[in-house]
Amino acid sequence: MNKVAIIGKGHSRFGDRSEVNLAELSFEAVHPALESSGLTSKDVPYMTLGSMGVWSEEPLPAVVIAEYCGLTGAGLVRCEAACASGTAAVFNAYSVVRSGQADLALAVGAEKMKQIDTATVMEMIGRAGYYMWEFENFGMTFPAYYALHAVAHMEKFGTTEEDLAKVAVKNHRYGAMNPVAHLRHEITVEKVLQSCVIASPLKLYDCCPISDGSAAVVLASEKKVKELNIEDPVWIESMGFASDTANISKRENYVGLDASVKASKMAYSEAKISPADVDVANVHDCFTIAEIMAYEDLGFCEKGKGANMIRDGETEIGGKIPVNLDGGLKAKGHPIGTTGVSMLVELTKQLREEVKPSRQAPMKNYVALAHNTGGTGHYGFVTVLRR
Amino acid sequence: MSEAPSLKSNRPLTITYNLPISKTTKFWKELKEGKVFATKCKNCGKLYFPPVADCGNCGSSEVEWIQLSGEGKLVTFTEVIVKPASFSKEPSYIVAVAELVEGVKVLAWLTGIEKEKITIGMKVKLEAKVVSDKKFAYEFVLA
Ligand SMILES: [Zn+2]
């Protein structure tokens, strides 16, 4: 099978992007991704789009974006894996290059969530479990799903609301340094604790914002990397995948996400690394509890010790394993289908030591990990990158 | 939504789904009688809640109906304060997951208790609930 590299990347500013439509927003990522690879849209035979796509008016967003960006004629598909749609799109493009069906592929993530009102967004994401048994009569919301986990984790391991708040404080600190982040202000533990309750015990500042944004990566085979004289490819060492039940009531427990555990084991094994080899990670922190569970599920610490990592600063620069140095979903923003692609753009920059020194992770092994979850651990993807 | 120039679409979309229940009709009929049922695979013995017509575990479509005792213990819960659009007229509600003595877990509202008084592991009872004259659901109450 072919080795696959990231040879180009692009990223729009995240936030309220009501001044552009979905295709214009996507161009902001696709154009620099192609340009940084030394390619034009005509060179790319296959494009995948990560987009959940119920918030904006286009039912076939991949086609609309491809036309706008000059990719008409390329193979196209829209990939849905809820909040992991971006990684699902990368995985699809990666598979095409890895299997030798094409030497180049473009993976795009694009989502515009600000075109409809917040209550309707809450409705659409709340329906993303098992509709008949969890939404129709019980009105679950996305924060409520993670709140069920927060309550269970706090009960079992003594994790506190202050611990959760510290995750938000860390991610806002780094988000404030990231020019493409949606929320670029620092916050305090007090501010998090005093913010209004969304689904107890999760408060406003425990939750990621609703964002618009796009990101894109160009993937190439080893042969194409040589042919194009790419100086600094970042290799995709492995991509692990897994899933869990649609009905949350069928889960064994609520203190972690099995799909993250399974996907990470698969990714570590294929890349022949252990969690200790990872220099920098982006984990799925749609809610603060999600980041703490991710530390545990990905093996950065023992089960139940996630809160200690944030208390001891182990996931900041200077700690054992810096996490979410772009602000994470929490501060950078979470345009659902874009997130997975955005994580790989950030980690490619980290591996190439291209970000501001204030948020650059020190590199020892030049290994990075991206963890992207869809729904409440319904879909799980873990990607290992190496420079 | 911001102040940037935009066109308001003139084509609003209202969707109401019809949810098929012909294969689980017994569940909804019994609910109306105040009973909550699960299904059990006659081939491999796996108990299902929510009820199913087919067993994903072994592939059999031979299932039997089992009435649940409703007795259970609270596993986790949350109070939903910021609600989805279609629940906007409801007061805040508590959603709980409890494990029933039969071994299945159920997600439903927990009513008749304030959030502050809820503890993990407390005993709860799953009961059928009349939502309106044509609609029936189920909820947890204190045991
Ligand atoms: Zn069976």
Item to check | Tally, over the stretch A:121-139, of residues that are in a loop (DSSP other than H, G, I, E, B), touching a residue at least 40 places away in the same chain (Cβ under 8 Å) and within 8 Å of another protein chain (Cβ to nearest Cβ) | outcome: 1
Next on the checklist: Could you go through the stretch A:175-184 and let me know if any residue there is hydrophobic (A, V, I, L, M, F, W, C) and assigned to a helix (DSSP H, G or I).
Outcome noted: no
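Matching residues to (1) at pLDDT 95 or above; (2) farther than 13 Å from A:A110 by Cα; (3) in contact with a Phe, Trp or Tyr (Cβ under 8 Å, 6 or more places away or on another chain); (4) crowded, with 24+ Cβ neighbours inside 10 Å:
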{"site": "A:H11", "(1), (2), (3), (4)": "yes, no, no, yes"}
{"site": "A:R17", "(1), (2), (3), (4)": "yes, no, no, yes"}
{"site": "A:S26", "(1), (2), (3), (4)": "yes, no, yes, yes"}
{"site": "A:S51", "(1), (2), (3), (4)": "yes, no, no, yes"}
{"site": "A:V54", "(1), (2), (3), (4)": "no, no, no, no"}
{"site": "A:V64", "(1), (2), (3), (4)": "yes, no, no, no"}
{"site": "A:G73", "(1), (2), (3), (4)": "yes, yes, no, no"}
{"site": "A:V90", "(1), (2), (3), (4)": "yes, no, no, yes"}
{"site": "A:S95", "(1), (2), (3), (4)": "yes, yes, no, no"}
Checklist outcome for this item: The residue from B:E71, B:E64 that alone is more than 16 Å from the ligand (Cβ to nearest atom) and over 18 Å from A:K250 (Cβ atoms) is B:E71
Checklist entry - Among (1) within 16 Å of the ligand (Cβ to nearest atom); (2) touching a strand residue (DSSP E or B) at 6+ places or on another chain (Cβ under 9 Å), where does B:I113 come up short? => result (1)
Checklist entry - Which pairs have Cβ atoms under 7 Å, sit 6 or more apart or on different chains, and link a residue in the stretch A:334-358 that is of a type in the set (K, R) to one that is assigned to a loop (DSSP other than H, G, I, E, B)? => result A:K349/A:V355; A:R352/A:D232; A:R352/A:R387; A:K356/A:M177
Checklist entry - For B:V80, are the conditions met, namely being within 9 Å of the ligand (Cβ to nearest atom) and among the aliphatic types (A, V, I, L, M)? => result no
Checklist entry - Across the stretch B:52-78, what is the number of residues that are surrounded by fewer than 20 Cβ atoms within 10 Å (Cβ to Cβ), within 19 Å of A:E134 (Cα to Cα) and in contact with a helix residue (DSSP H, G or I) (Cβ under 6 Å, 6 or more places away or on another chain)? => result 1
Next on the checklist: For the stretch A:104-120, which positions are surrounded by fewer than 21 Cβ atoms within 10 Å (Cβ to Cβ), touching a residue at least 12 places away in the same chain (Cβ under 8 Å) and either more than 8 Å from every other protein chain (Cβ to nearest Cβ) or among the hydrophobic types (A, V, I, L, M, F, W, C) (or both)?
Outcome noted: A:I116, A:T118
Item to check | Which listed residue, of A:K349, A:K330, is of a type in the set (K, R) and more than 23 Å from A:A276 (Cα to Cα) | outcome: A:K330
Item to check | Out of A:G333, A:G318, sole residue that is in contact with a His (Cβ under 6 Å, 6 or more places away or on another chain) and on the phi > 0 side of the Ramachandran plot | outcome: A:G333
Next on the checklist: Suppose the filter is in contact (Cβ under 8 Å) with a residue 60 or more places away in the chain, within 14 Å of the chain's Cα centre (by Cα) and away from the ligand (no atom under 16 Å from the Cβ); does B:L100 pass it?
Outcome noted: no
Checklist entry - If you take just the helices (runs of 4 or more DSSP H) that sit entirely in the stretch A:213-311, which of them hold at least 1 residues that are surrounded by 23 or more Cβ atoms within 10 Å (Cβ to Cβ), touching a Gly at 6+ places or on another chain (Cβ under 6 Å) and of a type in the set (V, I, T)? => result A:288-297
Checklist entry - Does at least one position in the stretch A:129-144 carry a residue that is farther than 23 Å from A:G256 by Cβ, out of contact with any Gly (no Cβ under 9 Å at 6 or more places or on another chain) and of a type in the set (A, V, I, L, M)? => result yes
Checklist entry - Here are B:V124, B:V82, B:V97: which of them is surrounded by 14 or more Cβ atoms within 10 Å (Cβ to Cβ), within 9 Å of chain A (Cβ to nearest Cβ) and part of a strand (DSSP E or B)? => result B:V97
Checklist entry - Counting just the residues of the stretch B:3-54 that are within 14 Å of chain A (Cβ to nearest Cβ), in a loop (DSSP other than H, G, I, E, B) and touching a Ser or Thr at 6+ places or on another chain (Cβ under 7 Å), which one comes out nearest to the ligand (Cβ to nearest atom)? => result B:V52
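The values are calculated or read from the model by the stated rules, or taken from the named source; none is laboratory data. Since we're looking at a predicted model, the values are computed, not measured. Ideal geometry is used to build each Cβ from the backbone, glycine not excepted, and the neighbour counts take in all protein chains shown.
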